[in-house]
Amino acid sequence: MNSQRPARVVVLISGGGSNLAALLAASDEPGYGAQVVGVGADRHSAAGLALAAERGIPTFVERVGDHVERADFDRALTARVAELEPDLVVSAGFLKLVGADFLAAFAGRYVNTHNSLLPAFPGMQAPADALAHGVKVAGATLFVVDEGVDAGPIIAQTVVPVLDDDDLDTLTERIKVAERAQLVDVVGRLARDGWRVRGRRVVIGTADEALR
Ligand SMILES: Nc1nc2c(c(=O)[nH]1)N[C@@H](CN(C=O)c1ccc(C(=O)N[C@@H](CCC(=O)O)C(=O)O)cc1)CN2
Ligand SMILES: NCC(=O)N[C@@H]1O[C@H](COP(=O)([O-])[O-])[C@@H](O)[C@H]1O
């Protein structure tokens, strides 16, 4: 792998893309070690697509509803991402579970940022679930995606306090601020230093997944 080129990163989104925006800004920094080479979404309404388009970064939309079977969607998504020849795939607010074809193609190098301290509160309503449960700390988890739901090996976690007067919006935003910082930091380290997945442990700075 060429040690001079930045790692090629494809980002998958479904919404506004503030995590994507943070990665795009970081990739402008000399020495970050990663470049976003494509952005995909499961819906045309994903506002984050415009963040890529305005930079001339290729985008695509692959919709479940455009396919008869879910497996066909998974195959199509896999093909769209593979065309971009990523070293690393990052999902941030991508609201579709990937299947066997996608994991076969990108296992070990597909990571997802989730807005809870996994294994607590998987799924799509994590901040609301945390608030309802009455936890005193919340946060975000970056993990290597597997066939489970928010169950893959954890790469990094970041913790934020839950305040007595928090509502869903204030907690969600506090988590997002910490989540974005973690994502930028860790994706950069993965890209520059490589990583190894051994069972449920992920070690950064080892050779198995050296990207360059
Ligand atoms: N195989 C996996 N794919 C994905 C994972 C994962 O852990 N394993 N994480 C997600 C992101 N995510 C949480 O961080 C998440 C996204 C979506 C869902 C979910 O239940 N999606 C439903 C449909 C929801 C909808 O379209 O409104 C589904 O895909 O059928 C759970 C967790 C990224 N992919
Ligand atoms: N489990 C799926 C899920 O809810 N993911 C969450 O969606 C948000 C996307 O924000 P963004 O579009 O501003 O980057 C992120 O906070 C991410 O943890």
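So what's Rg/Rh here for the range 24-65, counting alpha carbon atoms and using the Kirkwood radius for Rh?
Here the Rg-to-Rh quotient is 1.06.
If you bin every alpha carbon distance in the range 7-204 into 10 Å steps from zero, what whole percent lands in each bin?
Values per bin, smallest distances first: 9, 37, 38, 15, 1.
When the helices in the chain are scored as -39500 (n - 2.57) per DSSP H run of 4 or longer and the sum is shared across all residues, what 222 nm value do you end up with, to the nearest 500 deg cm²/dmol?
-10500 deg cm²/dmol
Round to a whole number: what % of the accessible area of the range 7-204 belongs to carbon and sulfur, probe 1.4 Å?
Exposed carbon and sulfur together represent 53 percent of the surface.
On a 1.4 Å probe surface of the protein chains, which of V203, V98 comes out largest in accessible area, and what is the full order?
Greatest to least solvent exposure: V203, V98.
Using a Förster distance of 22 Å, how high is the FRET efficiency between V177 and I204, based on the Cβ-Cβ distance and rounded to 0.05?
The computed FRET efficiency comes out at 0.45.
So if I take the centroid of the Cα atoms in the range 93-153 and the same for the range 161-207, what is the distance between those two points in Å?
11
Would you look at the GNM of the chain, springs on alpha carbons closer than 10 Å, and say which of G123, G99, G40 moves the most?
G123
Sort 171-184, 151-164 by packing, meaning the average of other beta carbons within 10 Å per residue, with the highest value first.
Descending mean neighbour count gives 171-184, 151-164.
Bins of 5 Å, beginning at zero and ending with the bin holding the largest distance: percent of Cα pairs per bin for the range 118-171, please.
4, 19, 31, 21, 14, 8, 2, 0
The values are calculated or read from the model by the stated rules, or taken from the named source; none is laboratory data. Because the structure is predicted, anything quoted here is derived from the model rather than measured. So basically every Cβ, Gly included, is an ideal-geometry build from the backbone, and we count neighbours across all protein chains shown. With ligands, DNA and RNA removed, areas are computed over all heavy atoms of the protein, side chains included. Shrake-Rupley method; radii C 1.70, N 1.55, O 1.52, S 1.80 Å.
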